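Undergrad: Pasting in a structure now, in structure tokens, and then I'll have a few things to ask.
The values are calculated or read from the model by the stated rules, or taken from the named source; none is laboratory data. Please read all numbers here as calculations on a predicted model, not as lab measurements. Glycine gets a Cβ as well: all are built from the backbone with ideal geometry, and neighbour counts include every protein chain shown.
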């Protein structure tokens, strides 16, 4: 199988209903020749990753808006760390709006596929959407992701001021321009520290936002658990009430059955007595008939 055709078939695997992934992968591996081992190693995505994959395959416009917003937010953070201007808050708001839209769309895909959207699944989908773009190919996620926060900027060098020599350079008197104010001196060390502080504060803000979202999910989840538990208690009470009523009815029916059995037993005894009397009368009548027949002249 040609490489391009094989990649197309792999893409199709990740578009299938989740329960069809493993048998389809194994079937593809049988005809993959030298690529069979790689195909068999493909991991079946968990439900959250599968749902996000479907967003890529079925709603490319929503996906593209999300990725563009994420890249724009990262660009704004990079600009701040590099000492340039950037509206981090505005970029973050656009990104959050894109995440919310993508989350709503993805949950719709999950519902259409008849998969239950538990609180844990919703949380995993939301965190995965916030962590995009990822190192895995789009549409082929094999795991739920966690937002990397400002770790996505690791390796990016914060702009620093000019390096200082071990010996102070002699001060050079700049030519003075008539009527102009002297240029303010920039403390390079203070500037570098301020940039690092800004990056740390931005990182802390991002971590706090992630923590707040996580706790909000947990709050909603526990509220729903509490509601379900209260409903279960109420249902149990209703079941107990129904059982008590059914027990009373059953006891009344049993008592009635006992009374009916006793009455039937009495009737049975009376019937046996009547049968005995009838048998005696029949035997007597038969004997009388026989005697009369013997005494009749022929």
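Undergrad: Criterion first (at pLDDT below 85 and either surrounded by 10 or more Cβ atoms within 10 Å (Cβ to Cβ) or closer than 29 Å to residue 123 by Cα (or both)) does residue 267 satisfy it?
TA: no
Undergrad: Sticking with this structure for a sec: If a residue must be more than 15 Å from residue 132 (Cβ to Cβ) and buried (at least 16 other Cβ atoms within 10 Å of the Cβ), how many such residues does region 59-82 contain?
TA: Matching residues across region 59-82 total 4.
Undergrad: If you don't mind, there's one more thing I want to ask. Could you check, for region 11-28, whether at least one of its residues is at pLDDT 95 or above, more than 19 Å from residue 138 (Cβ to Cβ) and outside any helix (DSSP H, G or I)?
TA: For region 11-28, residues at pLDDT 95 or above, more than 19 Å from residue 138 (Cβ to Cβ) and outside any helix (DSSP H, G or I): present.
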